[in-house]
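The block underneath contains the structure these notes are about, expressed in structure tokens.
The values are calculated or read from the model by the stated rules, or taken from the named source; none is laboratory data. What you are looking at is a predicted structure, and each value in this text was computed from that prediction instead of being measured. Glycine also receives a Cβ, built like all others from the backbone with ideal geometry; neighbour counts cover every protein chain displayed.
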Amino acid sequence: MAVGYRAVQWNSAKRWIDLGLVLFVFVAVGGYIVATGMTHPRIPGGPLIYRGTAIAAFALLSINLAIGPLARMDRRFAPLLYNRRHLGVVMFSLASVHALLTTMQFHAFGDANPLVSIFAAYRMEYDPFAQQTGNISRFPFEPLGAIALGILFLMAATSHDFWLRNLGAGWWKRLHLLVLVAYGLVVLHVALGVLQSERSPVFAGLLLATSTTVFGLHAAASWRERRADRDTAAEDGHEWIAACAMSDLEEGRAHTVTVDGQRRAVWLHDGDVHATGSVCRHQGGPLAEGRIIDGCITCPWHGWQYRPEDGQSPPPFDERIPTYPTRIEDGQVYIAKDAAAPGEEASHG
Ligand code: HEM
Ligand code: FES
């Protein structure tokens, strides 16, 4: 574990990104309210706020979902990873304001409980079979937004380490992939809701471009990783695995190698080559995307640290990642197939 969460220190852009986030919210929501209020003076304040917050929330959700795959494909985006939690909290707050105001506007004045009304109000009005023309303009789009908000709430509530420990890293990660489902629901919420009355091709084009970019980036990043997993680490028939050339290694950074479907990180540190596991003991962060700071491999997500030579977190912490012996021959780096014994310094080239 990191001493005082040090890893974020290498992300000097962190505060600037947070400041940019606050500015973005002011400019996006305030700008929308002022510009629309001036050009359409008959639209009251309520709709201006619930539309402005909705558009800003959608933009932030799209940006947040793009950061992960971008960082996996290009390290220059890695400093943004740390800000994802702040971005998520701001996005969830904006979406909640939008949901609260629309619920008050459209569901607070009937006999039914407003929360029930979100799901039940359409039942009498919407009958897809009765609409001969295939008109979808009355599709119950609000429940889609409500389910998305529920999923986003679940993500926020389980982001704490308590849930990671109790669910286990595999289930926790699977659960958090639900955020893509929430995103899909929001896209449908907008397409089947406001776009049915707001027919301008500009809005439809923006929604299509944004959502295909987000889903496209996820597909591209996982395709690249799967291809890399297939291509790397050709076994040379012994207990050693040919990992990479010495010239592939960069001081303080990792080269990723996949062995039996599991990623390993090969590091160059002070002229020595070390091989370790690539999964952080905290929340399964990608250690190979981090770097070595003060002699320790530093996770890019929240800064937990491990010594490259024995995989041990520096005192007083006792987490450990596996390490693998390494060997260098003719400029080629080999790593052992099996991990060194816990706590033991792996021999290295
Ligand atoms: C209980 C949950 C929700 C309810 C009841 C709800 C309701 C609505 C309603 C009634 C509209 C149409 C407003 C109008 O006439 O312009 C709308 C639009 C919209 N909603 Fe939601 N929504 C919910 C959740 C969400 C969430 C979680 C998001 C995104 C994070 C979202 C994003 C949007 C967007 C981007 C629009 C289009 C804004 C515009 O009018 O230009 N909504 N929502
Ligand atoms: S420090 Fe949190 S996942 Fe590595």
Could you list, in sequence order, all residues of region 33-72 that are among the polar types (S, T, N, Q) and in contact with a Leu (Cβ under 9 Å, 6 or more places away or on another chain)?
-> THR36, THR53, ASN64
Determine whether LEU48 is surrounded by 12 or more Cβ atoms within 10 Å (Cβ to Cβ), touching a residue at least 12 places away in the same chain (Cβ under 8 Å) and within 30 Å of GLN305 (Cβ to Cβ).
-> no
Among residues belonging to region 93-108 that are over 20 Å from ALA157 (Cβ atoms) and more than 8 Å from ligand 1 (Cβ to nearest atom), point out the one that is modelled with the highest pLDDT.
-> LEU101
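Taking the options TYR32, TYR82, name whichever one is of a type in the set (Phe, Trp, Tyr), in a helix (DSSP H, G or I) and within 22 Å of LEU152 (Cα to Cα). Walk me through it before giving the result.
Numbers: TYR32 fails: within 22 Å of LEU152 (Cα to Cα).
That would be TYR82, the only listed residue that is of a type in the set (Phe, Trp, Tyr), in a helix (DSSP H, G or I) and within 22 Å of LEU152 (Cα to Cα).
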Does any residue in region 290-304 that is over 16 Å from ASP270 (Cα atoms) and modelled with pLDDT under 90 come within less than 7 Å, Cβ to Cβ, of a residue that is more than 16 Å from ligand 1 (Cβ to nearest atom) and among the basic types (Lys, Arg) six or more places away or on a different chain, and which pairs are these?
-> GLY303/ARG6
Scan region 142-162 and give yes if some residue there is at pLDDT below 85, loosely packed, with under 13 Cβ neighbours inside 10 Å, within 16 Å of ligand 2 (Cβ to nearest atom) and on the phi > 0 side of the Ramachandran plot, otherwise no.
-> no
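Quick grid of which residues meet (1) under 25 Å from the mean Cα position of the chain (by Cα); (2) within 16 Å of ligand 2 (Cβ to nearest atom); (3) on the phi > 0 side of the Ramachandran plot:
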position: VAL257; (1), (2), (3): yes, no, no
position: ASP260; (1), (2), (3): no, no, yes
position: ASP294; (1), (2), (3): no, yes, yes
position: HIS302; (1), (2), (3): yes, yes, no
position: ASP318; (1), (2), (3): no, yes, no
Within region 170-220, track down each residue that is surrounded by 15 or more Cβ atoms within 10 Å (Cβ to Cβ) and hydroxyl-bearing (Ser, Thr, Tyr).
-> TYR183, THR210, SER211
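When region 51-92 is examined, which residues are found to be within 10 Å of ligand 1 (Cβ to nearest atom), aromatic (Phe, Trp, Tyr) and surrounded by 20 or more Cβ atoms within 10 Å (Cβ to Cβ)?
Applying the first criterion (within 10 Å of ligand 1 (Cβ to nearest atom)) to region 51-92 yields 51-62, 91-92.
Filter again for aromatic (Phe, Trp, Tyr), leaving 58, 92.
PHE58 - this is the single residue of region 51-92 that is within 10 Å of ligand 1 (Cβ to nearest atom), aromatic (Phe, Trp, Tyr) and surrounded by 20 or more Cβ atoms within 10 Å (Cβ to Cβ).
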Among the residues of region 311-341, the number that are crowded, with 18+ Cβ neighbours inside 10 Å, without any contact (Cβ under 8 Å) to a residue 40 or more places away in the chain and part of a loop (DSSP other than H, G, I, E, B) is 2
Criterion (crowded, with 22+ Cβ neighbours inside 10 Å and out of contact with any helix residue (DSSP H, G or I) (no Cβ under 7 Å at 6 or more places or on another chain)) met by exactly one of VAL259, VAL273 | VAL273
